[in-house]
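Asks: There's a structure below that I have some questions on.
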Amino acid sequence: MNMIDFFLKPLEKFNKIVSQCVFALATTLIGLIVLALTMSAVTRYVSGNGYDWFIELPPAMVTWLVFPLLGPLFKSGQHISVDFVTVFLNKAQVSFLKFLTHITAFIAAIIFTQAGIEATQLFIQLGETMELEIEVPVWWIYLAFPVGFIILGLISLELILLDIKTFFTKSFRNT
């Protein structure tokens, strides 16, 4: 086993488990968002009064829906991308462009993880809560930023290692 595989294999397994957990979380959150909005409509219809937190909770859950999904969607290619450039490139150039994209995502993940940690720490220190009928600490919502970007960083690292492995495999076959 070469050095790349030494790091790549456990990282692939870990990222697969994390991705499955993130997709389960996302599915659960979508269900909870729909349920909360439905319950809001039902309580308003039945009683004439609604509970504000049924309406205010879904936007608070969106950060936990969006940011953890960054990495798994990036890996599966289901993220927003611009494909018109690849039409004009050969396979080697497309592979190199993907490699640069993976490095850029990795660097961005590091930067945004740090910023997310700082924002979360700030809101922990401030001790603010959302003004709902139930108290939700604001830092809990901001925690989705570093969590999501850590996941993106790990998946980007996996993709970089795969790119390097593919490059060396093709290079040794051609020699």
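The values are calculated or read from the model by the stated rules, or taken from the named source; none is laboratory data. Just so it is clear, the structure is predicted and the values come from calculations on it, not from any experiment. Reconstructed Cβ throughout: ideal geometry from the backbone, glycine too, with neighbour counts over all protein chains shown.
Asks: Among (1) closer than 17 Å to Leu157 by Cβ; (2) surrounded by 15 or more Cβ atoms within 10 Å (Cβ to Cβ); (3) aromatic (Phe, Trp, Tyr), which single condition is Phe123 missing?
Replies: (1)
Asks: Taking the options Glu131, Glu135, Glu118, name whichever one is farther than 30 Å from Asp163 by Cα, surrounded by fewer than 15 Cβ atoms within 10 Å (Cβ to Cβ) and in contact with a Ser or Thr (Cβ under 9 Å, 6 or more places away or on another chain).
Replies: Working: Glu131 fails: in contact with a Ser or Thr (Cβ under 9 Å, 6 or more places away or on another chain); Glu118 fails: in contact with a Ser or Thr (Cβ under 9 Å, 6 or more places away or on another chain).
Being farther than 30 Å from Asp163 by Cα, surrounded by fewer than 15 Cβ atoms within 10 Å (Cβ to Cβ) and in contact with a Ser or Thr (Cβ under 9 Å, 6 or more places away or on another chain) holds for just one of Glu131, Glu135, Glu118, which is Glu135.
Asks: Here is a list of conditions, (1) in contact with a helix residue (DSSP H, G or I) (Cβ under 7 Å, 6 or more places away or on another chain); (2) of a type in the set (Ser, Thr, Tyr); (3) within 30 Å of Leu154 (Cβ to Cβ); (4) modelled with pLDDT of 85 or more, and Ser40 meets all of them except one; can you say which number that is?
Replies: Result: Ser40 passes all but (3).
Asks: Let me ask something else about it. Return the residues of the range 17-46 that are of a type in the set (D, E, K, R) and loosely packed, with under 14 Cβ neighbours inside 10 Å; say none if nothing qualifies.
Replies: none
Asks: Next up: Checking the conditions here, which among Pro68, Pro72, Pro58 is part of a helix (DSSP H, G or I), surrounded by 11 or more Cβ atoms within 10 Å (Cβ to Cβ) and modelled with pLDDT under 95?
Replies: Every option except Pro58 fails the conditions.
Asks: Can you find, within the range 1-16, the residue that is farthest from Ile134 (Cα to Cα) among those that are free of Cβ contacts under 8 Å to residues at least 12 places away in the same chain and surrounded by 12 or more Cβ atoms within 10 Å (Cβ to Cβ)?
Replies: Here the residue is Lys9.
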